[in-house]
Structures are given as structure tokens and as C-alpha cells.
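The values are calculated or read from the model by the stated rules, or taken from the named source; none is laboratory data. Worth saying up front: this structure is predicted, and the values here are computed from it rather than measured. Here the Cβ positions follow ideal geometry from the backbone for every residue, glycine too, while neighbour counts run over all protein chains shown. Quick note on the areas: whole protein, heavy atoms, side chains included, nothing else; ligands and nucleic acids left out. Shrake-Rupley method; radii C 1.70, N 1.55, O 1.52, S 1.80 Å.
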Amino acid sequence: MKNPSLIQDRRIYRTGLISAAGGAVLSLSMVLLRKGVLTLSINLMLFVTNLVLFLALERSSRPPRNNPARFRKETEKAQEKHPPVLFCLGDSLTHGAYSANFPDEVHRRICQACNVPPTTSQSAPFSPSCPLWVINAGQNGIDTWTTLQERIDWVLVCNPDYVLIMIGSNDIRCFYKPLWSWHEQLVWKLPEAPTLEGLKRHIQEMVRRILDSSSSVEIGLCTLPPMGEDLVHPANVWIKRSNIVIEKIAASNRSRCTLIPVHEAMEKAIRAETTTTRNKPSVDHFVERGIITAVARLLFGLSWNAVSKPSGNVVLAGDSIHLNERGRDIVTDLVVSWLNKKNALKYE
């Protein structure tokens, strides 16, 4: 098999990064021309706004420190046997820059349970003392078709013991809104518009290829989190229909594919603290809210829980798609429980 490129790209943010950088340069140029007090003030404000937006986008689109390329580099230079490996495959909910980072929390929780200090270094994310290595292959904005075409080879090259799959939220955004579908097709060069049948076909093929690659690999297949905490919103109707598909795929491969009930656990948490979900913010303005959330975290260092508080969200961030720390902890609890049931932490 041809060795795939393991460099995670930023194509979903390319337009935003170029626009913000260009806007910053243009407005700074106008400031330097000093064309009157009003013009100077406005252009200075524009410069600062574009600069902050550029920095927020750049920070949010960096590859995770424990990405597949880093893992390959570490294992190629190391001769000794390394611990078992969990490969996390998904979108921005897994990537953990625009969302509270559950792969890092899984790593921290496992190290804590085994009385081992977690690895926090950017330069050395994989420690021989850790009982389980966690690879984060999350990619912002990615859909199931692109994951199947570009990312499954990453799984096969890394040869993990466990694979966690939580993918499909960006497909569902496309089911819900044609404009988002057009953008997804343009950015990722999709051969057709995402559909529920396509989501089913792509996830089935992911599971098949991973299971066929090894007789011992185990898959944890996650249902998808709510899309906004208004649980009767049309976007969440699509979420529920898609989760039925995911549940059936897990059931048909149950010997080595375990269903991770993320949606069920999050819905329970939302209902426990909400008398009605109808007044919750929907996903319709998630782009604008997402930008505000990223800038607020960059400028003020706020937690995901803090930036989601004004919206009243329980498990989702301020944009009503990504996870806050409570949502992260729900996913982490489920993943660690699955790993314990599979005796994943018994490393000699």
C-alpha cells in the first residue's frame, strides 16, 4: 500500500485565513497613510479585527500535537515495543481546537487511573510510560466521503489496537441546509451532495476496511451528538435518523464493533437540566457564533463552559455544534468505559 500523506491540512479555513491576512495588511496600509482621524480610527479597528480573526483561525486549525504524522515519526525512531494505541477518527469534535478536546482528556484520565503523569509536551506527545497511546486524527470540517477517501489509510498505516469513530456531523449540516452542502462540496471537492444513504455507505466501508486490516483491532462507533440543544429542531431530526443508521452498522459488526451511545448520554444530560429544549439556540447561526467563541477564547482565555453559558447550553459550546467541557467529559467517560471493558489498559 502506498504510504499516505499524514499532513493534516487547513483547506476548510484557507479562504478565511487569506481574507483575514489580506484585510489586516490592507487596513494597516491605510493606517500608515494617515488619511484623517476618522479613517485612521476605522482602519486601525479593522486591522485589529482582522489580525485577531487570523490568529483565531490559525490557532484553531493547527494539527493536534498527537497527530498521526507525529506518531509515525515516534514509532519509526523507537526500536522497543510501544503501548497499545487508540486511533481517534473524526471531525472538529475530535480535533479539539474548536471544541473541548476529548482525546486529550481520555489520555489524561487513563494516565491518572494508572498513576502515571500525562504527557503535555508539544514536542513529545507519546510517552513510553503511558499505558495507552492516543492518536488524534480529527480534521475540522471533514465529511464521511473525504474521511473514507483520505483518512482510512492513516488508520491502516498506524496499525492501532483500537479505533474510535465519531464522524458525520458535517454531512448532517449538508442535509439540513443546501448552502452548507454547496460549501462542503466546494471545499472538499465532493463528487456529489452528501446524503443519508451516502453516510451509511461510507461508514459501513470505513468499518469494513478497518476490521479487514487486522483480526484483533476493535472499533468504538459513536452515535453523533445533538446539533443544537433544541432536540426537536429539524437538524436534530436528521441527527436521530443518522444515529439509527450508525446503530445498525455497529449491530451488524458487533463482534468487534461496539456502539458508543454519545447522543443518548448527552440527551439525558440536557433533559435533566432543561424544562424545555425549544428555547435553546439552533445551529442556524453557528458560523457567526463559532467565530465569536474562538475570538473570546483567544482574547480572554475563557473555558468552553464559560462561552456556552450565555446560550444556556448544557453540553454544547456557544455555537451549538461543538462540545464544551461537560460534553467532552461525557464522551470521555464513555470511551474510557469501553476501553476498560476491552482490557485496553493491561500493558506489560
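Residues are listed down the side, and each one gets a yes or a no for (1) under 18 Å from Val283 (Cα atoms); (2) touching a strand residue (DSSP E or B) at 6+ places or on another chain (Cβ under 6 Å):
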{"residue": "Leu164", "(1), (2)": "no, yes"}
{"residue": "Ile167", "(1), (2)": "yes, yes"}
{"residue": "Arg173", "(1), (2)": "yes, no"}
{"residue": "His183", "(1), (2)": "yes, no"}
{"residue": "Leu190", "(1), (2)": "no, no"}
{"residue": "Thr195", "(1), (2)": "no, no"}
{"residue": "Leu199", "(1), (2)": "no, no"}
{"residue": "Ile203", "(1), (2)": "no, no"}
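Checking the stretch 106-126 against the condition returns a match, with at least one residue being of a type in the set (S, T, N, Q), more than 28 Å from Ile292 (Cβ to Cβ) and surrounded by 17 or more Cβ atoms within 10 Å (Cβ to Cβ). Taking the numbered list (1) open to solvent by less than 10 Å² (accessible area, probe 1.4 Å); (2) assigned to a loop (DSSP other than H, G, I, E, B) in turn, Thr94 passes all entries but (2).
If you take just the helices (runs of 4 or more DSSP H) that sit entirely in the stretch 202-307, which of them hold at least 1 residues that are open to solvent by less than 50 Å² (accessible area, probe 1.4 Å), under 19 Å from Leu86 (Cβ atoms) and in contact with a Pro (Cβ under 9 Å, 6 or more places away or on another chain)?
Working: elements: 234-252, 262-273, 286-300.
Fully inside the stretch 202-307 and qualifying: 262-273.
Looking only at the stretch 176-196, decide whether some residue is farther than 20 Å from Thr94 by Cβ, touching a residue at least 60 places away in the same chain (Cβ under 8 Å) and surrounded by 17 or more Cβ atoms within 10 Å (Cβ to Cβ). Yes.
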